[in-house]
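Enquirer: Once you've had a glance at the structure underneath, I'll fire off some questions.
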Amino acid sequence: MAANSTASGSLAGTLPLPRHRASDSLWVEALLRFRRHRLAMFGALALAVIVVAVVAGPFVYRVPINEIDFKAKLQGPSLAHPLGTDDLGQDLLARVLYGGRISLAVGVAAMLIAISVGTVVGAVSGYGSGTTDHVLMRITDLFLSLPQLPLLLLIVCLFRDMLKKLLGPEAGIFILIVAVIGGLRWMPVARLVRAQFLSIREKEFVEAARGLGVSPLRQVIRHILPNAVGPVIVAGSLDVATAIIAESSLSFLGLGFPPDIPTWGRILFDAKDNLDFAPHWAIFPGTAIFLTVLSINYIGDGLRDALDPRKVIG
């Protein structure tokens, strides 16, 4: 019996024990908290439906977005045109589905730019401190003090014609709008990341890594940034909604995509003179913008609560 016990003990000692990572359990717990957030789950479901509709819809509903039929102009919703038509007889359902692709693409791409630039600036500022921190934060404050919408309009007016000639009407204006919106939204992310870095860099595990001679870059990537990613995710989700509204505002003012490239904002701009006798023209793209932004805001609220361990969701 003693021999068997010794043998089994030595065998257990040779077998690799399962490694349990605390970070994995934290993410699982955060997911469970998110799933208990009813508004966040509603937002996630609604956004999933919208994304599937705008991505797969044009393959199912194969009506050309620029097909003109003057006999059917300004018709209300019907079996032939489920969302009605505009003043040229173009099918609004086809245009709303196609425009949703562009609006969502602008939102996601602008968010990625804002998150990337803001994270880099905030990380360098928060970890470097001293002169580096002071200079970067003053630059951030300078950008924050600029009027966002007038500056956005000015830059688009100055460069859109040049980029249209270089890259084409659709690609040129898309890159310009994404770059400008993303380039004007990184400042809140930078300040948020800086605050997280200032707090986390003084924690015991970071001090231990520093004492063991771990390089600053490895400290940032392996130890500090993963613990600061929660607020960044929340900020990124809300930036998508902000970018969609900014693109819609540009298109509504006639400075966004050209008329043959329908976005939700562009459709609203074209409908503004016909609200009295063709309200459906504006209602459906406006509802799409409203539901998308509302869903993303609900998801952001749920992520904020889920990634905050002090928050208790009833």
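Read-outs: derived from the displayed coordinates by stated rules, not from any lab. What you see is a predicted model, and the numbers here were worked out from it, not measured in a lab. Heads up, the Cβs are rebuilt from the backbone with ideal geometry, glycines too, and the neighbour counts pull from every protein chain shown.
Enquirer: Please arrange 102, 261, 181 by how many other C-beta atoms lie within 10 Å of their C-beta, fewest to most.
Expert: Exposure proxy ranking, most exposed first: 261, 102, 181.
Enquirer: Here is a follow-up. Over all Cα pairs of the chain, how is the pair count split among 20 Å bins, expressed in % and running from 0 up to the last occupied bin?
Expert: 26, 46, 21, 6, 1
Enquirer: Oh, and also: Please give the FRET efficiency for residue 222 paired with residue 139, using the beta carbon to beta carbon distance and R0 = 25 Å, rounded to the nearest 0.05.
Expert: 0.35
Enquirer: So who's got an amide H within less than 5 Å of the one on residue 91, skipping anything under 5 residues away but keeping other chains? H placed 1.01 Å off N, in plane.
Expert: Close amide H contacts, sequence-distant or interchain: 67.
Enquirer: Please list, or write none, the lysines whose alpha carbon is within less than 26 Å of the alpha carbon of residue 272, excluding same-chain residues fewer than 8 places away.
Expert: 71, 73, 164
Enquirer: Now for a different question. Tally Lys/Arg at +1 and Asp/Glu at -1 over every other residue whose Cβ is under 12 Å from the Cβ of residue 114; what's the total?
Expert: The answer is 0.
Enquirer: I need the Kirkwood Rh of segment 129-287: take the reciprocal of the average 1/r across all distinct C-alpha pairs and report it in angstrom.
Expert: Result for segment 129-287 stands at 18.7 Å.
Enquirer: Where q = 0.13 Å⁻¹, what log10 of I(q)/I(0) comes from the Debye formula for segment 225-293, counting one point per Cα?
Expert: Result of the Debye calculation: -0.45.
Enquirer: Could I ask something else about it? Among 288, 205, 223, which residue has its Cα positioned farthest towards the positive end of the charge dipole of segment 161-314, with +1 placed on the Cβ of Lys and Arg, -1 on the Cβ of Asp and Glu, and the dipole taken about the Cα centre?
Expert: Result: 205, furthest along the dipole toward the positive end.
Enquirer: A further question follows. Under the 0.36 nm per residue contour assumption, what length would be gained going from the current alpha-carbon distance of residue 153 and residue 38 to full extension?
Expert: So the extension gain works out to 37.6 nm.
Enquirer: Residues in segment 215-248, backbone N under 18 Å from the label point at residue 146 (7 Å along the Cα-to-beta-carbon vector): list them, ranges by number please.
Expert: Counting backbone N atoms under 18 Å from the label point, the list is 243, 246-247.
Enquirer: Next question, about the same structure. Looking at segment 45-101, which chymotrypsin sites (Phe, Trp or Tyr not before Pro) are in a loop (DSSP not H, G, I, E or B) and have at most 15 other Cβ atoms within 10 Å?
Expert: Filter output for segment 45-101: 61.
Enquirer: Which ordering of 232, 193 is given by a fewest-first count of other beta-carbon atoms within 10 Å?
Expert: Ranking 232, 193 by Cβ neighbours within 10 Å, fewest first, gives 232, 193.
Enquirer: Related question: What size of dipole, in debye to the nearest 20, comes out for segment 19-145 about its Cα centre when the only charges are +1 on Lys and Arg C-beta atoms and -1 on Asp and Glu C-beta atoms?
Expert: Here segment 19-145 has a charge dipole of around 500 debye.
Enquirer: Now for a different question. In what sequence do 273, 69, 91, 305 fall when counting other Cβ within 10 Å, fewest first?
Expert: Result, fewest neighbours first: 273, 69, 305, 91.
Enquirer: OK, next. So how much slack lies between residue 132 and residue 210, counting 0.36 nm per residue of separation and subtracting their Cα-Cα distance, in nm?
Expert: Once the chain is fully extended between residue 132 and residue 210, it gains 26.1 nm.
Enquirer: Sticking with the crude label model, points 7 Å out along Cα→Cβ, report the distance from residue 116 to residue 53 in nm, one decimal please.
Expert: Here the answer is 3.1 nm between the modelled labels.
Enquirer: DSSP loop (so not H, G, I, E, B), at most 13 other Cβ within 10 Å: list which GluC sites (Glu not before Pro) in segment 195-285 pass both filters.
Expert: 202
Enquirer: Once the Cα gyration tensor of segment 117-174 is found, what semi-axes does its equivalent ellipsoid get, as square roots of 5 times the eigenvalues, in whole Å, sorted largest first?
Expert: Semi-axes (√(5λ), whole Å): 33, 14, 8.
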